[in-house]
1. Only residues that are outside any helix (DSSP H, G or I) and modelled with pLDDT of 85 or more: list them for region 28-68, please.
2. Going by what's in this entry, would residue 281 be described as on the phi < 0 side of the Ramachandran plot, modelled with pLDDT under 75 and of a type in the set (Phe, Trp, Tyr)?
3. When you scan region 260-281, how many residues do you find that are more than 14 Å from residue 44 (Cα to Cα), buried (at least 20 other Cβ atoms within 10 Å of the Cβ) and of a type in the set (S, T, N, Q)?
4. Applying the selection to region 187-229, what residues are closer than 28 Å to residue 167 by Cα, in a helix (DSSP H, G or I) and not small (Gly, Ala, Ser)?
5. Suppose we keep only residues that are more than 13 Å from the chain's Cα centre (by Cα) and more than 12 Å from residue 107 (Cα to Cα) within region 52-89. Which one would you say is surrounded by the fewest Cβ atoms within 10 Å (Cβ to Cβ)?
6. Which residue pairs have Cβ atoms closer than 7 Å, lie 6 or more positions apart in sequence or on different chains, and pair a first residue in region 56-76 that is under 15 Å from residue 122 (Cα atoms) with a second residue that is among the basic types (Lys, Arg) and assigned to a helix (DSSP H, G or I)?
7. Which members of region 211-231 meet the condition of being crowded, with 19+ Cβ neighbours inside 10 Å and either of a type outside the set (A, V, I, L, M) or within 27 Å of residue 65 (Cβ to Cβ) (or both)?
8. Tell me, which residue of region 83-101 that is among the hydrophobic types (A, V, I, L, M, F, W, C) and under 27 Å from residue 195 (Cα atoms) is modelled with the highest pLDDT?
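The values are calculated or read from the model by the stated rules, or taken from the named source; none is laboratory data. From a predicted model like this one, the values you see are computed outputs, not experimental measurements. Counting neighbours? That spans all protein chains shown, and the Cβs are built from the backbone with ideal geometry, glycine included.
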Amino acid sequence: MKLQQSKILSFALSASLLILILIIAVYNRKTLIQVMGQADLWWIGMGLGCYSLNYVTRAYRLRMLSQKHVSFFPAAVKSSCLHGSYSYFLPLRSGDLSLPLLLRFNAGLPLAQGGTILFRARLLDLFSLGLLLCGASLFSAPQLQPFVRGIFILSGVGLLVLPYGVIFLLKSGNNRLINALSKRVGDLTLTYPSFREMLVSLAVWFWTGCTTFCVIKSLAIPLNFMDVWFFAAIQLPLQLFPLQGVANDGNHEAGWLAALSLLGITPAEGLPLSMASHVIFICYVAVLGSIALMLPSPQPPAKPDKIVAT
């Protein structure tokens, strides 16, 4: 009975995403046609390939964080791609919370354990973005003022330290809280990020930066390869803010405009470029989400005994 209910909920979740993709595509059809007619389709195709590798890497990380209780294909790949689609399309970043549900439907993980994996992945993302921001601020964008560069370096250091600070506070906190969480989640062990976890998370954001580079090249934006990494380091954190409209509306344009302005492109020039890039990213998310919907949902495995949380 529970399995049947899970299948019904999974179908409803998938159907809602497909309907949302179709509505957004129909609503933006004129802009979609115009952008695709002017952009370099070869670079757009390369960007789709990098975007797909990004989510394949995220799927590998899901399997790793679940201690291999989630199969890589199709469970982790399907959950990762659909999670990315919901996170992008739903407002206020509410779609980010869909990962525990997707892991429940596709891999049989209890919701609390899926929540632990989501928490762990987000801490690793903060660390990776901090490293990317520090590196890009130090080695790219020579036109930046020293004061502005210093602010970005300090922000990157803050993102690097934050995951370790959260773990330290949890480790030194009230044991009753940890025990209570362990009863709900299972055997909850707090550990700092491992080298392997950090390396895989850096690979996730490497493919994200490569996707951004391909979109920039497709629109003939005058930025070089090193500029792109600073660009990605600036605009990606801005898009993580919870004040997000449907299909990342508003956040995408604000992030791209801010990054382009810092790299010497005026807002008047940057606005149409940011809107065009938004249309391309919507296409990427829609294509990958649609493919994920067609993947089978495997039979849920047995409940895992232990999930390690950072």
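1. Within region 28-68, 40, 66, 67, 68 qualify.
2. Spelling it out, it is not the case that residue 281 is on the phi < 0 side of the Ramachandran plot, modelled with pLDDT under 75 and of a type in the set (Phe, Trp, Tyr).
3. Counting residues in region 260-281 that are more than 14 Å from residue 44 (Cα to Cα), buried (at least 20 other Cβ atoms within 10 Å of the Cβ) and of a type in the set (S, T, N, Q) gives 1.
4. 195, 196, 197, 198, 199, 200, 202, 204, 205, 206, 207, 208
5. Taking the candidates together, the pick is 67.
6. Short answer, once both residue conditions are applied: 65/120.
7. Within region 211-231, 211, 212, 213, 214, 217, 218, 227, 229, 230, 231 qualify.
8. Of everything passing the filter in region 83-101, 99 is modelled with the highest pLDDT.
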